[in-house]
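Each remark here refers to the structure printed beneath this line.
The values are calculated or read from the model by the stated rules, or taken from the named source; none is laboratory data. Fair warning: this is a prediction, and the values are worked out from it, not measured in the lab. Note: ideal-geometry Cβ built from the backbone for every residue, glycine included; neighbour counts use all protein chains shown. With ligands, DNA and RNA removed, areas are computed over all heavy atoms of the protein, side chains included. Shrake-Rupley method; radii C 1.70, N 1.55, O 1.52, S 1.80 Å.
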Amino acid sequence: MQYYDDLINELSDICGIEPEYWDIFGKKHTTSIDTKKAVLRAMKLNIETAEDIANEISKRRWKLWKGFIEPVHVISVNAPAVLIPVYIPVNEGEESRLTISCSLEDESIQTILQKHKIPGKDITVSEQQWIDGKRHIKVFLHIEQRAIGYYVLRAECKHPDKIFPEKSNKLQKSSRIIITPDACYLPPELQKNPPLPPFSKGGEGGFNGKAWGLSINLYAIRSDRNWGIGDFTDLKKITAWVAGLKGSLVGINPLHVIPNTSPFGASPYSPISRLYKNFIYLDIERIPEVKESKDAGKFMSSRKYSQKLDELKKADLIDYEAVASLKEKILKCAFSVFYKKHYLRNTGRGREFRKYISEEGLALESFSLFMALSEHMKKTKNAHSWQEWPRKYHDMSGKTVDAFRKEFKKEIIFYQYVQWLIDKQIREISEEAERHGLNAGLYYDLAIGSLSGGSDAWTYQDVIADRADAGAPPDDFSPDGQKWGFPPLIPEKLKDNAYELFIQTMRRSMKYGRAIRIDHALGLFRLFWIPHDMTPEHGAYVACSSDDLLRIIALESTLNQTMVIAEDLGTIGEHVRDNLKRFQMLSCRLFYFERNYPDPSFLSPEKYPHTALCAVTTHDLPTLYGYWKGRDIETRRSVGKYLNEAQCEQQVQDRERDKRLILTALKSQGIIAADFPSDPDMIPEMTAELCLAIYKYLALSPCKLLLVSLDDIIGTLDQQNMPGTVDSYPNWLQKSPVTLEEIMAGQRFTDLAEMLKKYF
């Protein structure tokens, strides 16, 4: 048994399972053998016997040497030389009879940029290794330095005799070469370090090196014209409005496609796919084919439609399922017109659509195939995840799925059409933001993962883990830890796949956006795995290929001219923030958490880092009005999230202390008058004056970006999400208490803009 456990420990080390970690309370946690075994099984490794484990260890120990060339190499554009190793099995002295040739292609335009041949006499052996009695040599291929981008290296090694595996006389393989910058993109206006008070006026756009923007939950926007959920036309209006207030960006929740069901399919952070977006945000009335469709017109003029629409608009909570059903019904009518009038006739609009499909490639094809299959399986098998489908439908490249692809071609095209419409409406918003001078544009949010029963998991089955969830260990924010309900990516498999899923995710998340927030960016370094049937306290951290991932983000950021904000909150590993800063990713600093630890007093503005975005709160935390009233504590108590009443009472006492400390901090900066009440009991509720004072406090910091929460300014009491709850709290369902039209006509944001113009 000890031998078996020793092998488990060895394999775990090779696979990046960390043997221990320190939690936020300073307590050391040692990863148990049971947890290691469960994580290894989730990585799809065979560990049933000691012999099986030894085989898995051997595979990974000699993987490079037996693989000829690695599937991917991620290299700095500033590297002094680009050297790509190849590994060749050859007997002593036989390398002189080898011939190595290679060619380098630009991946995007498939043009050969370089060809190179090394005859045997010029081969230099840099290292050799004996594996199972066979000699292997390592030889470097020299690649000319290239501009940033993606390339394909095709390598071939020949020998006159059939000395290679499977009695072949040649080895042949390709490798993706990724040449990256050493830092993410940052707009020129933000590249200078912001000044500390007293401020001096910068350029026409405000002060050098700083900008502010508005954070909204698009789904929660209530307007006179939307269908019971915020949509892209609402977002277009908001961008123009924020630009008029001299803001520089609009931050929105993730737009990923989700199940659109309550309560389990409403979270924007639990998507079916991170590659494509939710049609529920479409403004249906702006789609040309909707106006042309007689069926759509007939339905939209019916009493049934009017009653349903009125019901959805007046409801206090969002009915995702009903809104999605209504929009999908009309979209299918519109598609019928488009298919006959434009797609089959290949009109200009039809050609524009075909061009979009061609540019999106395999990613869109796989997603649309999945969506069509999923719909078919729900209707015929009552199956709601692909794991419930008949086995023959699990293989995307199999004969059964291919037959479905041919038979249901039109249904697949429908889902491509929907994504095309989304792409067009988002592009219009991006162009509108640019026209109105919204310097930093749209600020997107990228969820940390996607559902195990969704499109990404079906398409990339080899890359995504089985029988484990990503999450977080217990901390002061979530004493029980967090289980996020989606599977982690297997680092080894992700690299074997040349980081394709990661690249596609980053590329599509940055399209039409000038900024992106990467949710739980700590997961780029190590991700907390929680095996099924285990609680978070028994989870383990698994190391990721962080340098490769950070470099790919930097490349896509530069190619798309999108700045990156890394959400770096939680149990932070060593040197994480230093590495994020090295790649010019902005840190995320929240007012609630920025303290002079271990002293609970609030950090003074000048101590905030300049390479950061600062904000008061997030969707997972109380709004300012809710915080002051203790609404989050009341809610957590009512849904039984405290272990006992003493724990709840401690939270109440801590909150009263913190409110007093906030008042002290504001007075220390001269933001509120010295005679302003110091006792929170004298201020039972948050006021507009106090709310603006807290944002002024953050405006005094040197942080490059300040994000203002719409909910804070309009006085919303309840936060959008209460972590650790599912159906006991209306997560992701709450609409703004006032309409967009009322918000835009009100005085609060005018006052905010007037205050902020002194600092930006």
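Data table
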{"quantity": "Nearest 10 degrees, 0 to 90: helix 409-435 Cα axis against the chain principal axis", "calculated": "60"}
{"quantity": "Rg(Cα) / (2.2 N^0.38 Å) computed for the range 1-152, rounded to two decimals", "calculated": "1.40"}
{"quantity": "Signed unit charges on C-beta, dipole axis of the chain, positive-most listed residue Ser32, Ile413, Pro600", "calculated": "Ile413"}
{"quantity": "Largest-first principal axis extents of the Cα set of the range 365-469 (Å)", "calculated": "53, 36, 23"}
{"quantity": "Equivalent ellipsoid, the range 619-724 (semi-axes from 5 times Cα gyration tensor eigenvalues, Å)", "calculated": "25, 18, 12"}
{"quantity": "Whole-number D in µm² s⁻¹ for the chain, Kirkwood Cα-pair radius fed into Stokes-Einstein, 37 °C, 0.692 mPa s", "calculated": "115"}
{"quantity": "The range 406-454: translational diffusion in µm²/s, Stokes-Einstein, Kirkwood Rh over Cα pairs, 20 °C, 1.002 mPa s", "calculated": "156"}
{"quantity": "The range 577-616, relative contact order [Cα under 8 Å, separation at least 6], %", "calculated": "48"}
{"quantity": "Binned Cα-Cα distances of the range 497-581, short to long, each 5 Å bin given as a whole percent", "calculated": "3, 13, 22, 23, 17, 12, 6, 3, 1"}
{"quantity": "Tyr276 long-range amide H proximity, modeled H, under 5 Å", "calculated": "Val257"}
{"quantity": "DSSP-defined antiparallel bridges as percent of all bridges, the chain, nearest 5", "calculated": "65"}
{"quantity": "Cα coordinate range in the range 76-134, projected on the principal axes (Å, largest first)", "calculated": "42, 23, 21"}
{"quantity": "Helical contribution to [θ] at 222 nm, DSSP H n ≥ 4, -39,500 (n - 2.57), averaged over the chain, rounded to 500", "calculated": "-11500 deg cm²/dmol"}
{"quantity": "Gyration tensor verdict on the range 590-643 (Cα atoms; rounded if a/c is under 1.5, prolate if a/b is larger than b/c, oblate otherwise)", "calculated": "prolate"}
{"quantity": "Lys, Arg +1 and Asp, Glu -1 on Cβ, resulting dipole of the chain about Cα centre, debye, nearest 20", "calculated": "2900"}
{"quantity": "Hydrodynamic radius (Kirkwood) for the range 296-366, which is based on Cα pairs only, to one decimal in Å", "calculated": "14.5"}
{"quantity": "Members of Lys308/Lys410; Lys44/Lys735; Lys27/Lys581; Lys313/Lys424; Lys117/Lys167; Lys294/Lys379 lying beyond 32 Å, as alpha-carbon distances in this model show", "calculated": "Lys44/Lys735"}
{"quantity": "Trypsin sites (Lys or Arg not before Pro), loop per DSSP, at most 11 other Cβ atoms within 10 Å - longest free stretch of the chain", "calculated": "346-760"}
{"quantity": "Value in Å of the Kirkwood radius, where the range 38-93 supplies the Cα pairs that are averaged", "calculated": "14.3"}
{"quantity": "Local net charge near Ile330, Cβ-Cβ under 14 Å (Lys/Arg +1, Asp/Glu -1)", "calculated": "+2"}
{"quantity": "Translational diffusion coefficient (Stokes-Einstein; Kirkwood radius from C-alpha pairs) of the range 115-162 at 25 °C, 0.890 mPa s, in µm²/s", "calculated": "181"}
{"quantity": "Across the chain: Cys residues that no other cysteine approaches within a C-beta distance under 4.7 Å", "calculated": "Cys15, Cys102, Cys157, Cys184, Cys333, Cys544, Cys588, Cys648, Cys691"}
{"quantity": "Spatial separation of Cα centroids for the range 21-46 and the range 359-434, in angstrom", "calculated": "36"}
{"quantity": "Debye log10 I(q)/I(0) for the range 646-697, one point scatterer per Cα, at q = 0.32 Å⁻¹", "calculated": "-1.34"}
{"quantity": "Residues whose placed amide H lies under 5 Å from that of Leu141, excluding near-sequence neighbours", "calculated": "Ile84, Val86"}
{"quantity": "Whole-number percent relative contact order across the chain, with pairs defined as alpha carbons under 8 Å at least 6 apart", "calculated": "16"}
{"quantity": "Folded to 0 to 90 degrees: helix 348-381 orientation relative to the chain principal axis, Cα", "calculated": "90"}
{"quantity": "Heavy atoms of Met300 accessible to a 1.4 Å probe, total area in Å² rounded to 10", "calculated": "50"}
{"quantity": "Under the Debye formula (equal points on every Cα, no solvent term), log10 I(q)/I(0) of the range 1-50 at q = 0.32 Å⁻¹", "calculated": "-1.30"}
{"quantity": "Amide H contacts under 5 Å for Lys641, placed H, 5+ residues apart", "calculated": "none"}
{"quantity": "The chain: angle of helix 50-61 to the longest principal axis, Cα-based, in degrees nearest 10", "calculated": "90"}
{"quantity": "From phi via Karplus (6.51, -1.76, 1.60), per-residue ³J(HN,Hα) for the range 255-270 in Hz, x at Gly/Pro", "calculated": "9, 3, 5, 10, x, 6, 10, 10, x, 7, x, 10, 6, x, 9, 10"}
{"quantity": "Restricting the range 115-181 to GluC sites (Glu not before Pro) in coil, as DSSP defines it, with at most 10 other Cβ within 10 Å", "calculated": "Glu144"}
{"quantity": "DSSP-assigned coil residues among GluC sites (Glu not before Pro) in the range 1-97, each with at most 10 further Cβ atoms within 10 Å", "calculated": "Glu48, Glu92"}
{"quantity": "Residue-normalised accessible area of the chain, expressed per residue, 1.4 Å probe, Å²", "calculated": "43"}
{"quantity": "Isotropic mean projected area of the C-alpha convex hull, the range 691-760 (nm²)", "calculated": "5.9"}
{"quantity": "Alpha carbon Rg of the range 542-637, scaled by the compact-globule rule 2.2 N^0.38 Å", "calculated": "1.30"}
{"quantity": "The range 293-451 - Debye-derived log10 I(q)/I(0), Cα point model, q = 0.10, 0.12, 0.13, 0.20 Å⁻¹", "calculated": "-0.51, -0.75, -0.87, -1.38"}
{"quantity": "Cut-off 14 Å between beta-carbons: net charge of the residues surrounding Ser366, Lys and Arg +1, Asp and Glu -1", "calculated": "-4"}
{"quantity": "Accessible area of the range 46-118 belonging to carbon and sulfur atoms, whole % at 1.4 Å probe", "calculated": "48"}
